[in-house]
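So the structure is just underneath, and the comments pick up after that.
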Amino acid sequence: MMNNKGVTLIELLIVIVVIGIISAFAVPAVGSFLETAQRQAVYQDAVAVRNAAANYCAQPTVTCTSTQELTMTELATYLDGFDKTKYDVDDTGTDDLTIATGNGSGGWTITLEAVAVNQGDFEWVTSTDPVNADSSTTYVTEDDN
């Protein structure tokens, strides 16, 4: 009797083919999860800006109109941990672009446009108040700059 130790070439090829089949299904699924996570992050940023705008206007020392426009400079105190480098919030070096505007009926219009150099990033540019958005992925769009 021969003592067969080791793996034959056929067994090795079968294992490689099985791994290839599994990876053919797993890679696109992971890509979909990453895109969903990016869209959710932008949605959460829009909600954070909306809540910051509401908190800013709730201060007793601040008077906001129903169509108040707020910039990153005004909201920075209320946006702890907000990564403003992902969005175009700066026009003259002073974070002066409007990112929140009162919609006249108690809600807010949030504008978080992706930085132009990162084509393919996601952004929130809609008149829908993020709190009233039925689906975060519906209103988060891919930057076309």
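The values are calculated or read from the model by the stated rules, or taken from the named source; none is laboratory data. None of these values were measured; they are calculated from a predicted model. Cβ: placed from backbone, ideal geometry, glycine included. Neighbour counts: every protein chain shown.
So that you can scan it fast, the table gives a plain yes or no per residue for (1) without any contact (Cβ under 8 Å) to a residue 24 or more places away in the chain; (2) at positive phi; (3) assigned to a helix (DSSP H, G or I); (4) among the hydrophobic types (A, V, I, L, M, F, W, C):
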{"residue": "30", "(1), (2), (3), (4)": "yes, no, yes, yes"}
{"residue": "37", "(1), (2), (3), (4)": "yes, no, yes, yes"}
{"residue": "40", "(1), (2), (3), (4)": "no, no, yes, no"}
{"residue": "48", "(1), (2), (3), (4)": "no, no, yes, yes"}
{"residue": "53", "(1), (2), (3), (4)": "no, no, yes, yes"}
{"residue": "60", "(1), (2), (3), (4)": "yes, no, no, no"}
{"residue": "75", "(1), (2), (3), (4)": "no, no, yes, yes"}
{"residue": "89", "(1), (2), (3), (4)": "yes, no, no, yes"}
{"residue": "104", "(1), (2), (3), (4)": "no, yes, no, no"}
Worksheet item: Do we find that residue 34 is more than 18 Å from residue 128 (Cα to Cα) and touching an Asp or Glu at 6+ places or on another chain (Cβ under 7 Å) in this structure?
Response: no
Practice prompt. Taking the options 44, 119, 59, 40, name whichever one is surrounded by fewer than 19 Cβ atoms within 10 Å (Cβ to Cβ) and at pLDDT 90 or above.
Written response: 59
Discussion item. Looking at the range 98-116 only, could you name the residues that are surrounded by fewer than 17 Cβ atoms within 10 Å (Cβ to Cβ) and modelled with pLDDT under 80?
Written reply: 116
Worksheet item: If we scan the range 56-74, do we find a residue that is more than 20 Å from the chain's Cα centre (by Cα) and of a type in the set (Asp, Glu)?
Response: yes
Practice prompt. Provide a single number: the residues in the range 77-95 that are within 21 Å of residue 129 (Cβ to Cβ) and of a type outside the set (Phe, Trp, Tyr).
Written response: 5
Discussion item. Looking only at residues that are surrounded by 15 or more Cβ atoms within 10 Å (Cβ to Cβ) and either under 17 Å from residue 42 (Cα atoms) or under 16 Å from the mean Cα position of the chain (by Cα) (or both) in the range 79-97, which one is modelled with the highest pLDDT?
Written reply: 79
Practice prompt. Identify, by number, the condition in (1) without any contact (Cβ under 8 Å) to a residue 24 or more places away in the chain; (2) touching a helix residue (DSSP H, G or I) at 6+ places or on another chain (Cβ under 8 Å) that residue 25 doesn't meet.
Written response: (2)
